[in-house]
Amino acid sequence: MDEVTLKAIENDHSITRKTDPEFLYEFQKAVLLALLEDGTLTEMQYRYAEEKLRRQNF
């Protein structure tokens, strides 16, 4: 498994749907994908959650 490390913080501010909708969406989708790959979510659960995520952001 690859290790992820934080190298730097730039423009330190809170991430919200209002300030950074694209980043927040991609981050949340990445978490869902990680849960799917880990086996925590089934394919059906992932699709349902991803659809709900897409609808709340767009």
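Read-outs throughout are calculated quantities, based only on the coordinates presented, and are distinct from any laboratory measurement. Small disclaimer: the values here were computed from a predicted structure and weren't measured. Every residue, glycine as well, gets a Cβ built from its backbone with ideal geometry; the counts of neighbours run over all protein chains shown.
Worth pointing out:
- Dipole of region 1-51, positive direction: furthest Cα of 15, 30, 42, with charges on the beta-carbon: 15
- Rough spin-label spacing in nm, given labels placed 7 Å along Cα→Cβ, for residue 24 and residue 47: 2.8 nm
- Candidate lysines - alpha carbon under 28 Å from residue 7, same-chain residues fewer than 8 apart omitted: 18, 29
- If only the Cβ of Lys and Arg carry +1 and only the Cβ of Asp and Glu carry -1, the dipole of the chain around its Cα centre is close to 420 debye.
- Applying a DSSP loop filter and a limit of 15 other Cβ atoms within 10 Å to the trypsin sites (Lys or Arg not before Pro) in the chain leaves 7, 17, 18.
- This structure gives semi-axes √(5λ) of the Cα gyration tensor in Å, computed directly, and of [x] 23, 19, 5; [y] 27, 13, 7; [z] 20, 13, 8 that value is listed as [x].
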